[in-house]
Amino acid sequence: MSFNSFGRVFRFTTWGESHGPALGAVVDGCPPGLTLSEADIQPFLDRRRPGQSRFTTQRQEPDQVRILSGVFEGRTTGTPIALHIDNVDQRSKDYSDVAKSYRPGHADYAYDQKYGFRDYRGGGRSSARETAARVAAGAVARAVIPEVTITAWVEAIGGDTIDYARFDAAEIGNNPFFCPDPDAAARWETLVDAARKDGSSLGAVVACEATGVPAGWGAPLYAKLDSELAAACMSINAVKGFEIGDGFAAAALRGEENADAMRPTSDGGVDFLANHAGGIAGGIATGQPVRMRVAFKPTSSILIPVETVTRDGEASEIRTKGRHDPCVGIRGVPVVEAMVALVLADQKLLHRAQVG
């Protein structure tokens, strides 16, 4: 399988399968001398870890990370950083039916058509379990960009959206939904519970904002900051949509409405009066907050019977057993943050390489 790596200067490669003995990442291009330990990485994995509430998969994985290389006496050495996470709670027997029939909406059929062979245990590489390695790598990336703060939250579940008039960043960590609106979080308990009890699932929208990104990061044309962010977020399992700034809503605006007007400041800088562009113009950061939205589809593994075909091409029906997230977008929050951090770390080093 090709294309298991992402990035240009700051580059990472993930490895491992959902039901294999372990998974992890190798991060290359990290500058030397940065403070880094397992204790710096673990909190981000803990936010993504399964089994923390009834609203996520009940698979019990501690997701304890080990640094195998690239760090000496608490500092990065500039050599590849190998990160290792054990799988300890696999139940491969739950997937015996998946070995015979394809799960609609999942990658089973596509993988089989491409490779003529697939790991049906939890989806193998196509499982969202792979994102644990991304989150670990993203924690390393944050050490490269201490000037940047990245915050993501769930904006909507099952079409029910938060009220931004009640937005409270302090609430994001106070509920199992990463929700900044406590009223919406209360509604979502009922929504997700109902879907879970029905054996179904729900989609979600995750919003993310990166502040402190200096003007100038990014590049025109083929390494645009927004296109790199789009590629990173679209590579996350179950993501089907991505927007920067106003995104598709900008298509309904007039030119003067969409313009991010500017005026000079007393210190010779620039004050923006709006941020419809999401902090990026011409593929280059403007110094404003970089804002994006990421759409997650409903989890494809559900207990409700769905028509499908077997590997032999016969008509069949499948109910996917096992432990699955009723809304995969919830645990997508730390994954989106990680991918944004990985892109920004790469763009910082690219910018330094080009302009000093």
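The values are calculated or read from the model by the stated rules, or taken from the named source; none is laboratory data. Not measured: the values here are computed from a predicted model. Backbone-built Cβ (ideal geometry, glycine too); neighbour counts: all protein chains shown. For accessibility, only protein heavy atoms count, side chains too; no ligands or nucleic acids. Shrake-Rupley method; radii C 1.70, N 1.55, O 1.52, S 1.80 Å.
Points worth noting:
- Some residue of the stretch 142-151 being of a type in the set (V, I, T), farther than 30 Å from P31 by Cα and out of contact with any Cys (no Cβ under 6 Å at 6 or more places or on another chain): no
- Summed over the stretch 202-239, the residues that are open to solvent by less than 30 Å² (accessible area, probe 1.4 Å) and either assigned to a helix (DSSP H, G or I) or among the hydroxyl-bearing types (S, T, Y) (or both) give a count of 7.
- Test: residue in the stretch 63-85 that is at pLDDT below 95, closer than 19 Å to I236 by Cβ and touching a Pro at 6+ places or on another chain (Cβ under 6 Å): no
- E257 being acidic (D, E), under 26 Å from A156 (Cα atoms), open to solvent by 40 Å² or more (accessible area, probe 1.4 Å) and at pLDDT 95 or above: yes
- Tally, over the stretch 278-294, of residues that are over 24 Å from G332 (Cβ atoms), in a loop (DSSP other than H, G, I, E, B) and open to solvent by 10 Å² or more (accessible area, probe 1.4 Å): 4
- One residue stands out in the stretch 129-171 among those that are among the β-branched types (V, I, T) and over 17 Å from M339 (Cβ atoms): the one that is surrounded by the fewest Cβ atoms within 10 Å (Cβ to Cβ), namely T161.
- Pairing each residue of the stretch 228-255 that is without any contact (Cβ under 8 Å) to a residue 60 or more places away in the chain with any residue that is among the small types (G, A, S) and open to solvent by 30 Å² or more (accessible area, probe 1.4 Å), provided the two are 6+ apart or on different chains, yields C-beta distances under 7 Å for K240/A295; G241/A295; G245/A277.
- Selection status of I304, under 28 Å from V154 (Cα atoms), in a loop (DSSP other than H, G, I, E, B) and open to solvent by 50 Å² or more (accessible area, probe 1.4 Å): yes
- Failed condition for F242, given (1) among the aromatic types (F, W, Y); (2) open to solvent by 50 Å² or more (accessible area, probe 1.4 Å); (3) part of a strand (DSSP E or B): (2)
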